[in-house]
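Here's the structure we're looking at; comments come further down.
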Amino acid sequence: MLPINSLDKFLFICLYNFANRSNTYIFTIFLYIAVGVYFGINDGQIAIMFVLSFMMLVLLALSINDKFRQEFKRYKQYQKIKRIRSYKGR
């Protein structure tokens with residue numbers, strides 16, 4: 001996957017950074033707990049469904065993280081080769 005224009009490059013870098021940040025997941029779970037405490041939600045089924053969906057997202061992010069790391073490495077190599085080729089023509 002090679003980003004064609006600047007928007008694709010920006011989206012690619014944002015997704016790569018999001019997959020590498022575990023702080024986002026921790027912030028999400030703390031936000032959910034804070035909202036539940038603030039509004040006094042005591043329904044156990046909602047909490048169980050949230051934990052299951054949260055764990056599914058974490059597992060998906062872990063599997064995607066490896067793919068993004070490989071693709072980002074390939075993209076960096078592509079940029080280096082592109083830079084070298086641009087200087088050879090001068």
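Nothing in this text is a laboratory measurement; each read-out follows from the coordinates by a stated rule. Note that the coordinates shown come from a computational prediction; the quantities given were computed from them, not determined experimentally. Quick reminder, even Gly has a Cβ in these numbers, built from the backbone with ideal geometry, and neighbours come from all protein chains shown.
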So if each residue of separation counts as 0.36 nm, and I subtract the Cα-Cα distance between Gln45 and Leu11, what length gain in nm does that give? 8.7 nm
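Expressed in nm to one decimal, what extension gain is obtained for the pair Leu31 and Val58 from 0.36 nm per residue of sequence separation less their Cα-Cα distance? Walk me through the numbers on the way to the answer.
Values: separation 27, 0.36 × 27 = 9.72 nm, distance 1.61 nm.
Full extension from Leu31 to Val58 adds 8.1 nm.
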So, with points 7 Å from each Cα along the Cβ direction, the Tyr38-Thr24 label distance in nm works out to 2.2
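Write down Rg/Rh for the stretch 6-88, rounded to two decimals, with Rg from the C-alpha atoms and Rh from the Kirkwood relation over Cα pairs.
1.23
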